[in-house]
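Enquirer: Please see the structure below; I have some questions.
The values are calculated or read from the model by the stated rules, or taken from the named source; none is laboratory data. Keep in mind the model is a prediction, meaning the values are calculated, not measured. SASA here: full protein model, heavy atoms, side chains in, ligands and nucleic acids out. Shrake-Rupley method; radii C 1.70, N 1.55, O 1.52, S 1.80 Å.
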Amino acid sequence: MSLRVAVAAPFKQNGTRTLRENEFVVALSLDRDWFSPDQSKRLIDVATERELVERDGAELRAAFDPAAVTVPEEFTPDEDLLRERSAFEQVLDALVAEGLEKHEAVGAINALQGDLGVTIEVAAVVYARRQGLDVSELVPVARSALTEDD
């Protein structure tokens, strides 16, 4: 997903899994000109919420291997990455990007939600995985949705 690519880019650029927050912001805003400094800081918040980045004071540590992520030369992240989106919306976008019809995916996810008796986020992640889609970065979000309802 493009969030993982955008987050990986500064780490790959510096050849490390740990960066100071200001280095991350500079890499995205000045070096790559993808976001403003404020937007870059927002991306850190989103990446932290999605458990792609861990904060340790002013240090950021990638919670995945950035070297394993390909950053296409022509890649430019969409500003929608900065918007808070539910796991359901993110999975639905990924399914549509893989060629599934949106209404069919929504119907299947709703049916699965009813069958399993889980939240829409959990049903979306399960459905995507059954379709062979790697949505591992959304599993923590879906898992937290399970515990919120208890």
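Enquirer: 5 Å is the cut-off here: which amide hydrogens, built 1.01 Å from N in the peptide plane, fall below it relative to Val53, excluding neighbours closer than 5 in sequence?
Expert: Under 5 Å from the amide H of Val53 lie the amide H atoms of Thr48, Ala63, each far enough along the sequence or on another chain.
Enquirer: Next question. Stokes-Einstein D for the chain at 10 °C, 1.306 mPa s, Kirkwood Rh over Cα pairs, in µm²/s? Write out the running numbers ahead of the final one.
Expert: On the way: Rh = 16.3 Å.
It comes out at roughly 98 µm²/s.
Enquirer: Using a 1.4 angstrom probe, figure out how much accessible area segment 1-49 has per residue, in square angstrom, rounded to the nearest whole.
Expert: Details: 2260 Å² over 49 residues.
Ligands and nucleic acids excluded, the figure is 46 Å² per residue.
Enquirer: For segment 31-96, with all protein chains present and a 1.4 Å probe, just round the carbon and sulfur fraction of the accessible area to a whole percent.
Expert: Numbers: 1540 of 3630 Å².
In segment 31-96, the share of accessible area belonging to carbon and sulfur is 43 percent.
Enquirer: Moving to a separate point now. So for segment 1-41, what percent of the C-alpha to C-alpha distances run longer than 13 Å?
Expert: On the way: 366 of 820 pairs.
Every Cα pair in segment 1-41 considered, those over 13 Å come to 45 percent.
Enquirer: Next up: Report the convex hull volume per residue for segment 30-86, counting only C-alpha atoms, in Å³. Walk me through the intermediate numbers first.
Expert: Working: hull volume 6.4 nm³, N = 57.
Dividing the Cα hull volume of segment 30-86 by its residue count gives 113 Å³.
Enquirer: Which whole-number percent is the relative contact order of segment 9-150 (Cα, under 8 Å, 6+ apart)?
Expert: Numbers: 138 pairs, mean separation 27.4, N = 142.
Answer for segment 9-150 is 19 percent.
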